[in-house]
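Notes for the one structure printed next.
Coordinate-derived values only; no laboratory data. This structure is a prediction, so every number in the text was calculated from the model and none was measured. Here the Cβ positions follow ideal geometry from the backbone for every residue, glycine too, while neighbour counts run over all protein chains shown.
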Amino acid sequence: MKKITDYLDCLFPNPKPELLYNNDFEFLIAVVLSAQSTDKKVNKVTKVLFEKYDINSLKDANIDDIINIIKPLGMSKKKAYYIIEISKDIINKYNNKIPNNRDELMTMSGVGRKTANVVLAQLYNKPYIGVDTHINRVSKRLGLAKEQDTVLIIEEKLYRVFPKELYSRLHLQMVLFGRYYCKAHNPQCNECKLKDICKYYEKKDK
Ligand code: SF4
């Protein structure tokens, strides 16, 4: 596993999320909005959304206005409902603070395990990995998980093979690696230093 972490450290020595945000609330909302979309699109939308709304005004927002702003992201009706409900919960139940544990986070609309893990890792430096589409693909290609593994099984397997103190850093690095190198289509295998341990490359090379 050291080979993987060394290579990711070399490619991404200072990994950061690509979602833009100014405070914890904006990060949570950006992660919720990013489902089935891209960080680039989310950043464009949140620039408009957070210029117009903060947590207090979002709680009382007209849902049609929110739908209109976030339309480019897809699932806009659902997402608009989620972020209004989340704003209400953060104010009414959590005293304006983003909860720092998964159970409370996951009681909120639109917050699943992956979103909760990403938020806890980023905002509270907790040892979690949020398995998204990139981590799913990279883990399977590198043989860290099996093709049929669910995201929960992949998450557990990653916890078993990597040191706990690296989880939140590894999460960011694997997402960036999947996004820019080990892409779904045309991964950059020729220049990849993991090809000698990569199951996908081994098969492709036969
Ligand atoms: S060799 Fe290709 S498929 Fe394997 S990890 Fe590297 S980029 Fe991804």
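Quick look at the values:
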| read-out | value |
| --- | --- |
| Whichever residue in segment 160-199 is within 16 Å of the ligand (Cβ to nearest atom) and small (Gly, Ala, Ser) and, among such residues, is nearest to the chain's Cα centre (by Cα) | Gly178 |
| Which listed residue is in contact with a helix residue (DSSP H, G or I) (Cβ under 8 Å, 6 or more places away or on another chain) and more than 30 Å from Val161 (Cβ to Cβ), from Leu20, Leu11 | Leu20 |
| Flag for Lys157 being within 14 Å of the ligand (Cβ to nearest atom) and over 16 Å from Val118 (Cβ atoms) | no |
| Any hit, segment 94-115, residues being in contact (Cβ under 8 Å) with a residue 12 or more places away in the chain and on the phi > 0 side of the Ramachandran plot | yes |
| Residue list for segment 112-133, restricted to those being in a loop (DSSP other than H, G, I, E, B) and either surrounded by fewer than 22 Cβ atoms within 10 Å (Cβ to Cβ) or of a type outside the set (A, V, I, L, M, F, W, C) (or both) | Gly112, Asn125, Lys126, Pro127, Tyr128, Gly130, Asp132 |
| Residue within segment 49-67 that is more than 22 Å from Glu104 (Cα to Cα), small (Gly, Ala, Ser) and assigned to a helix (DSSP H, G or I) present | yes |
